[in-house]
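Here is the structure we will look at, set down as structure tokens.
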């Protein structure tokens, strides 16, 4: 239980003033609420002794009402302050987690599935928020409040009666410790199972068209039902232990009441205490019910929070593969990109995906990258995008400077990337395009639409640029999604444009128009184009043919055609198939 506070100590130190005020106010309220039972006991004793006057009664009543009002106002303050800090912690942790996600590289997202990350960013953060709010409340009430009540009973009522009534407490502490350990273990399993359910649900929703196409609805429903049942059973296991807390505490509290009432009556008969004190004692015993419950709730909340913090810390401890250099070099514009004997392999494999790549690109050139599927085209582009740690052998140089010596923000600000998988946001066409440049005006947008051969398609949409594209662009065709992605990159006017097989879903005529527009728009900028349809790279200043991560052919279209290698054969096949 202490470990969870140690893990959150950074936040408590940051917010120590607010937490100090909230806890102080909570303690003051705890002191105020123990006074009314004492007043009640005095009134009863005064009635029994026939010494209660109207003036005394009025004074007691005024004090009673004043205590209630003061308790209400101070309770509002500590409640607002304490739980406000807990909500702020959740916001800070969520922002920290999101910022961490933005820094992570593909290897991280290959290790953690989307559904798992979503579960950690929702359920686990809620559990941590409960720890910083309700956990502090139960900690104060189960320690300070309980100690204060017991002290009052010990001093003002009778120490023997108090000790007798508190005999069940050590038993409760032992049982609560056992429950706490079991809850931690079961809650971790329940959260992990929920993460898997989250991920499966996300995949089913995203792949619903494929599921329908293969008539797998029943099987998917069955799989979902099984996963839901698994989550249900694991949460039931947690709930079973939760359910044991209240009955256990009620039994122990009932035992304390029995001892207090029986032994207290005996002391009244003996004349050791008055009836008023016995009544006050029983009210105090009733007030001890919540602190006793708070002990159980404290262990429950702390164990859940501890489990969730472990899950969040696991994510936050994952360091990005690519970091900014400690002493970055400055470069205004990239005038030359050079791959110098570059060899690269992915972290989880032993074979090299790129082997001794040598390529020099001058600003303003267009580079065509072709080859069979799996030849290494996307991997080559990932070196420029810096998605992975620097290559094992060789270097990627920008104007003679190793790319890892430049900041990530600078190198990525130069690049406009249109990937194979076109990711569109659930917003309008306009908002998706403006993602590349939020300050662009409509005039510029329409110019880019012409370049991407998209203007006619946009004009035919129900609301033009303000048409919602749906989740992942579901309302658009494959070709339209590709061209919206292209427009998003072009409106950024990047120094280096990377088109990773980004025209595969458009017809040859549209592709030809786009290529012509690109040649005109990007005459002074660098462009990399990867394509399976060779007509897309025919105009390039340099064309490289990749095979198993190696450059096997390099030259212009005319030079490669004269060599009659793979490029020539593939081009002739596409010509006969109508590839132009």
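Quick rundown of the values:
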| item | result |
| --- | --- |
| Residue in region 555-577 that is under 19 Å from residue 366 (Cα atoms), part of a strand (DSSP E or B) and touching a strand residue (DSSP E or B) at 6+ places or on another chain (Cβ under 8 Å) present | yes |
| Selected residue [out of contact with any strand residue (DSSP E or B) (no Cβ under 6 Å at 6 or more places or on another chain), outside any helix (DSSP H, G or I) and in contact (Cβ under 8 Å) with a residue 40 or more places away in the chain] from 423, 438 | 423 |
| Complete set of residues in region 40-68 that are under 15 Å from residue 287 (Cα atoms) and within 52 Å of the chain's Cα centre (by Cα) | none |
| Enumeration of residues in region 373-411 that are part of a loop (DSSP other than H, G, I, E, B) and in contact with a helix residue (DSSP H, G or I) (Cβ under 8 Å, 6 or more places away or on another chain) | 386, 387, 388, 390, 391 |
| Residue in region 119-132 that is part of a helix (DSSP H, G or I), touching a residue at least 12 places away in the same chain (Cβ under 8 Å) and over 19 Å from the mean Cα position of the chain (by Cα) present | no |
| Residue, nearest to residue 375 (Cα to Cα), within region 492-509, restricted to residues that are touching a helix residue (DSSP H, G or I) at 6+ places or on another chain (Cβ under 7 Å) and not in a strand (DSSP E or B) | 502 |
| Hits in region 353-372 (condition: under 25 Å from residue 524 (Cα atoms) and out of contact with any helix residue (DSSP H, G or I) (no Cβ under 9 Å at 6 or more places or on another chain)) | 358, 360, 361, 362, 363, 364, 365, 367 |
| Qualifying positions in region 523-549 - under 39 Å from the mean Cα position of the chain (by Cα) and on the phi < 0 side of the Ramachandran plot | 525, 526, 527, 528, 529, 530, 531, 532, 546 |
| Residue within region 345-352 that is out of contact with any helix residue (DSSP H, G or I) (no Cβ under 8 Å at 6 or more places or on another chain) and not in a loop (DSSP other than H, G, I, E, B) present | no |
| Scan of region 530-546 for residues that are within 16 Å of residue 482 (Cβ to Cβ) and either assigned to a loop (DSSP other than H, G, I, E, B) or at pLDDT 90 or above (or both), ordered by number | 530, 531, 532, 533 |
| Helices (runs of 4 or more DSSP H) contained entirely in region 17-116, each with at least 3 residues that are closer than 26 Å to residue 134 by Cβ and in contact with a strand residue (DSSP E or B) (Cβ under 7 Å, 6 or more places away or on another chain) | none |
| Flag if residue 340 is touching a residue at least 40 places away in the same chain (Cβ under 8 Å), out of contact with any helix residue (DSSP H, G or I) (no Cβ under 6 Å at 6 or more places or on another chain) and either surrounded by fewer than 19 Cβ atoms within 10 Å (Cβ to Cβ) or at positive phi (or both) | yes |
| Residue 162 vs. criteria buried (at least 21 other Cβ atoms within 10 Å of the Cβ), in the same structural domain as residue 21 (by TED's automatic domain parsing), closer than 30 Å to residue 41 by Cα and within 36 Å of the chain's Cα centre (by Cα) | no |
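The values are calculated or read from the model by the stated rules, or taken from the named source; none is laboratory data. These numbers come from a predicted model, not from an experiment. Cβ sites come from the backbone with ideal geometry, for glycine too, and all protein chains shown count toward neighbours.
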